[in-house]
Every structure is written in C-alpha cells, then in structure tokens.
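What follows is a set of notes on a single structure, which appears directly below.
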C-alpha cells in the first residue's frame, strides 16, 4: 500500500495526433517541455513523493550506501599497460570521487607523471565526466573531453605534458571522439547535430589555430548513420567509420599525412557490417559478408576491394566471431559459443592452436588493453558472478597465466560463500533461453527466497555473467540474483539478435516471462517474492512485461526506461531515432507502426493491477529523454487499479548514466535495494 494518500498527479492536456489514418491521444505530451515550470514542479513533486514513501527505510538506504561503498578499496590503481615509452594507468585516492590519470616513463620504478586530476577539474560542478583522453603520437601532448551536464555534449581541452601547461585551444559542443594524427599538432574530432546529437561531422584542428576555422573533413549526410574517427592499432592509419544498425563504411588515411584525402575502404552496402584494423602490409576485416556469425578476412593495403579479400577464419553457424587481436606471432579471437565467451590463440606459424580455460558454468571474459604487436603476452580480463574482476597476462607460447590484479572486495568477502549456476528456460516457440544466477551457499530451493531477475535484450548487446560487489548487499540478505539472456541480445549468435528485433521484438518479452516462470517452477523463488530490473532498452523490457504479466512480479525497478516507443520513433528531431529504424522499425511504415504500438509500454497501460514499481530517470538524459518515464508514470498513476507503490525518482543534475563520480552512483543503487528489501520485509 502507498504510505501517502496524495501522490502527485500530472495535468491532463490531451494532444491528438493523426497517424496512418487513426487519431491517437497523448494526455501527457506537455511533459516534454523541459523548461516549463510546471514540468519541473511535477518532477520535483514526484521526487518529494518518493522521498516521503521511502522515509521509513532511510536508515536502511544510508546503511546500504555505506556498506556498498565500504567494499570498495578507496586508494586503488588500475593495472598499468605499456604504450611506446610509457606505462599508463589511472588511480583513485581515498575520499575522492574522480580518477587521476598518470604514467611512468620506461619503468614502473620511475617517478609518476600526473597527466590529469579529474577531482580538481570537477570542483564546482554537480556533474562532471571526462569522456576520453588521448596522448599524442610523440607522447608530449594530451587532449581530453569533459562534460559538465550529463547530456554527453563535450568540450575538448589540451595540455602540454612536458610543462604541465593547459593550452588555450578550447573546442566546445562536440562528442567525446578524439584522435591525434602523427604530426603532434593535428587532432581529429567528431561533432554532433545540435538537435539529435547524432555524431555526423569529422573535423581537423591544428593546435594554435582558431577552432572556428577547423576544417570539415567528412560529413555523414544519411541521418540513419553516425560517423566516428579512430587510429589503427599500428598507428599507421586514421579511420573514419560511418555505421548504423545494419551497415558500416570505412575511410582510411595515412596518419602521417593529416591534410590528405580519406579513401573509401569498400563502399557501403545495406546489410554489410564490418570492422577494419591494420597489421604490417595487410588490413584485417571482421565481416558478416556471406557470414551471419561473421568471419575474418585480410587484404593488401593497396587493394581493399572485396575481390582481393582472403579468408583467414571461416564462418561457423554455431560460433559468433565477436572480435580479434593481431600480434606479430599470434592471432587472438574472441568467440561466443553457447552463450559464453571463449578466447582462442592461433600461432601464425601453423603450430597448434588452443583455447584459454575458465572452468566456471557462467562467466565473462575478453581481451583487455593490448597496444603492442611485438609481444607473446596477451592481456585479458575475467570475471564471474562469484569472481571479482581480474586482469591476467597470458604467455601465448609457454601458456603461463599471471594474475596481475583482482578487484579487492573489502569487508570479509569470500567467493567460496557463493554459488553460480547456468539454467535454461523453454520459450513458447521452443527456444532454450539461458539464465545465469548466483546466490549465497546453503540456499534451499523451497520457493521462499526473494529473487531479482535482470534483463536487457536489444541491439545485439550480450549480458555476460560478471561480478558486482554492490550485489552482495542483496545476496547476503537472502536474495538470488539472475540474468535472463533473452533474444535481442547476441549471446547465442547473430540469429539470437535477429529473433529479438523489428517484427520479432516480442520474443524478448516472452523470453523474459519464460525465464521468470521457470525460476518459480524450479522453486528458486515464488511470485510473491519475484522482482525484475532493467535499464534503458531493458526498461522497455520491464514496461512490456508489466503490461503482459503484471501478476508475475512482486516489484519492478525500471531504470531510465525507453517506454514511449511510438512517439519517440516518430520524432526524427530527438537523439537516436533515425539511427534505430533498423532496430525497432520505422513507424512511418504502417506495418511497423501497428507492431510497435501493440507493445509500446506507455501506449498499453491498462486499468488493472500492477506490481510495486520504482522508476528512475535523469533530467539531462540524451538517450532516453526524461519525459518517457515521466509520462509513463503519470499514465500509470491515472489508470492502474491497485494501491501498490509507484515511485518516480528524477536525478535533476544527471543524464543517462546517472550521477557522476565514483561513489555517488551507489546512492542510486542503495535506493533501489532499499525499495526491494522493504517489499520483502527485510529492514536490515
């Protein structure tokens, strides 16, 4: 039951829109007016309501925050990696929210050179984020991007690393995408459309010149594509890549000739996705041409046409080739097989190849920072739901594995106290949907444990079974945590993604429901103690599932949820819309309009009982605009028939990623966990 009798109610101001010959009414369209005092007042009233309803567990929320924060080693440092003459790393100091970027020349025994203290830069800002740093080819200049609002609109600044001087060049209102040419004075960067925030223009800036005179090198005119610039691992070539859901196109230029003209690698073709890198006299191409699960090709640097490509790794119907890393003597592949990542080592000399062994039923693994070609050592990362994030060096010749660093979890954590499992649920069409789960040892499957089921299922993004120290606050209080690897992700190969998008998007939702039902049937939990969580496109999943099966869950946390799908996808003037027609469908086409309308959470709210709900958003969110969850909550509050909690929490200073800083974001997690724990009667 609500703990207050007067939750806020948004004004109903009907807006009628004609689409495909039908009239559609949106009573809360006005909430899009970010600068309208009524909008701000409504969001603040919802925040006050959330605070009031949760006041009785404020002590629990505070203790959760301190507990989560207390597991984190405050004075910490990343594993240094060697690039040219320096070892680079980031570190944190006790009590500080932001990192310090530093390096040491030639040896880790040498004095530290502090490149950037983000704590100093962040002073006076409620929100502050460094998007990217880039060290010049000669290693004496630093470019970095900063965002002080959370909307991912950055400013580029420069620093002379030899003198410590901040240079006068300042480039405002850009993306975080920056790359140096090899002349140590030219920086390439990407600029976005000011309305849609689509990254669409690549500029060239020469240090010491007026940014207003920067040269436009490339403009992407197709509004379904975005453009980015980077440098190959070899540092030999600059690359501009234009990409969208189904296609990509690369242009290349010798990095030593920054004023030269970029050359198209192979012309774009709908349905052809590829990625390009360079080694010695060849380009390597990760491509889905005649290969749904991708294959690896190579071609001479002076003959990039597809007719010159030679196959290095063939397509396999049961293995998704996710990525590759080239070394002088070895080729390393990242593969996904039966939902799990594998790392495959292949010597160029034809000697025996092998896989790294991990030995757990569910885990996450992948290559880490490997900037050098001339080495036999591969750096990779590994984690599981019981194993903290770990960085290893692996000698590809001797097969010796060296643990360099494992995330230190303070407070007496012992991985042996927890158990992880891998299950499969059967969807309505017979698909076997993987579930990864973790719980504290000693659990009896009697249906009495609370369980939090997490899902995403979009963009081909795979949810791997990694560790989360904050999650221990739930596990140690009796929760089971599970991940539903639903269609729309790419866990089971490219077809898994294709079966969860466009006109098959509903598979994502029914897969999640099948996983929830399976966990109840197997008595890991019960409906009275089952919770769900998802963010962004995973928030869409939450909204759709709530409309389909509200009876299945005790409570739901929807983080920055994409729930107003029809209205958003009909608006080409807001971020992400045009570039995502191939993900959701273009609702200007009636077939897609009708299908999206049939599942869009906002449009399918009905007069029925819903579970307890906590919905979060950020006022400056550039990916899922704040008004989507705000409108959704307003409609739910007006229509639903239950008296369960419906809470909206808007971070008035942040964007899609929530609060900035190392510890502030744990405040948001503490609120979510207090919400869940209170609903099952756990006060401590």
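The values are calculated or read from the model by the stated rules, or taken from the named source; none is laboratory data. Given the structure is predicted, the values throughout are model-derived calculations rather than measurements. Quick reminder, even Gly has a Cβ in these numbers, built from the backbone with ideal geometry, and neighbours come from all protein chains shown.
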Out of (1) surrounded by fewer than 12 Cβ atoms within 10 Å (Cβ to Cβ); (2) assigned by TED's automatic domain parsing to the domain that holds residue 637; (3) more than 21 Å from residue 604 (Cβ to Cβ), the odd one out for residue 6 is which? (2)
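Given the options 269, 353, name the one that is under 27 Å from residue 392 (Cα atoms), free of Cβ contacts under 8 Å to residues at least 40 places away in the same chain and surrounded by fewer than 17 Cβ atoms within 10 Å (Cβ to Cβ).
Among 269, 353, only 353 is under 27 Å from residue 392 (Cα atoms), free of Cβ contacts under 8 Å to residues at least 40 places away in the same chain and surrounded by fewer than 17 Cβ atoms within 10 Å (Cβ to Cβ).
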Suppose the filter is touching a strand residue (DSSP E or B) at 6+ places or on another chain (Cβ under 9 Å) and either farther than 30 Å from residue 475 by Cβ or modelled with pLDDT of 95 or more (or both); does residue 298 pass it? yes
Checking residue 674 against (1) assigned by TED's automatic domain parsing to the domain that holds residue 567; (2) within 19 Å of residue 58 (Cβ to Cβ); (3) more than 22 Å from the chain's Cα centre (by Cα); (4) part of a loop (DSSP other than H, G, I, E, B), only one condition comes out false. Which one? (4)
Looking at the structure I just gave you, is residue 146 part of a loop (DSSP other than H, G, I, E, B) and either touching a helix residue (DSSP H, G or I) at 6+ places or on another chain (Cβ under 7 Å) or farther than 20 Å from residue 241 by Cα (or both)? no
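To keep it simple, each residue is scored yes or no on (1) without any contact (Cβ under 8 Å) to a residue 24 or more places away in the chain; (2) surrounded by fewer than 24 Cβ atoms within 10 Å (Cβ to Cβ); (3) outside the structural domain of residue 668 (by TED's automatic domain parsing); (4) not in a loop (DSSP other than H, G, I, E, B).
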site: 533; (1), (2), (3), (4): no, yes, no, yes
site: 539; (1), (2), (3), (4): no, no, no, yes
site: 545; (1), (2), (3), (4): no, no, no, yes
site: 561; (1), (2), (3), (4): no, no, no, no
site: 571; (1), (2), (3), (4): yes, yes, no, no
site: 574; (1), (2), (3), (4): no, yes, no, no
site: 580; (1), (2), (3), (4): no, yes, no, yes
site: 583; (1), (2), (3), (4): no, yes, no, yes
site: 586; (1), (2), (3), (4): yes, yes, no, no
Count - residues of region 171-195 that are out of contact with any helix residue (DSSP H, G or I) (no Cβ under 7 Å at 6 or more places or on another chain) and either in a strand (DSSP E or B) or at pLDDT below 95 (or both): 17
Reported set for region 326-339 where residues are under 23 Å from residue 497 (Cβ atoms) and touching a strand residue (DSSP E or B) at 6+ places or on another chain (Cβ under 7 Å) is 333, 334, 335, 336, 337, 339
Starting from region 150-176, take each residue that is under 23 Å from residue 665 (Cβ atoms) and list its partners that are in a loop (DSSP other than H, G, I, E, B), counting only C-beta distances under 6 angstrom and pairs at least six apart or across chains. 150/127; 150/620; 150/654; 151/620; 151/622; 152/622; 154/176
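Let's see how each residue does on (1) in the same structural domain as residue 477 (by TED's automatic domain parsing); (2) surrounded by fewer than 16 Cβ atoms within 10 Å (Cβ to Cβ); (3) outside any strand (DSSP E or B); (4) touching a residue at least 12 places away in the same chain (Cβ under 8 Å):
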site	(1), (2), (3), (4)
90	no, no, no, yes
98	no, no, yes, yes
103	no, no, no, yes
125	no, yes, yes, yes
Looking for whichever is within 24 Å of residue 395 (Cβ to Cβ) and exposed (fewer than 14 other Cβ atoms within 10 Å of the Cβ) here; the options are 328, 303, 342. Which one fits? 328
Among the listed residues 251, 270, 204, which satisfies the condition of being farther than 28 Å from residue 84 by Cα and either over 22 Å from the mean Cα position of the chain (by Cα) or assigned to a loop (DSSP other than H, G, I, E, B) (or both)? 270
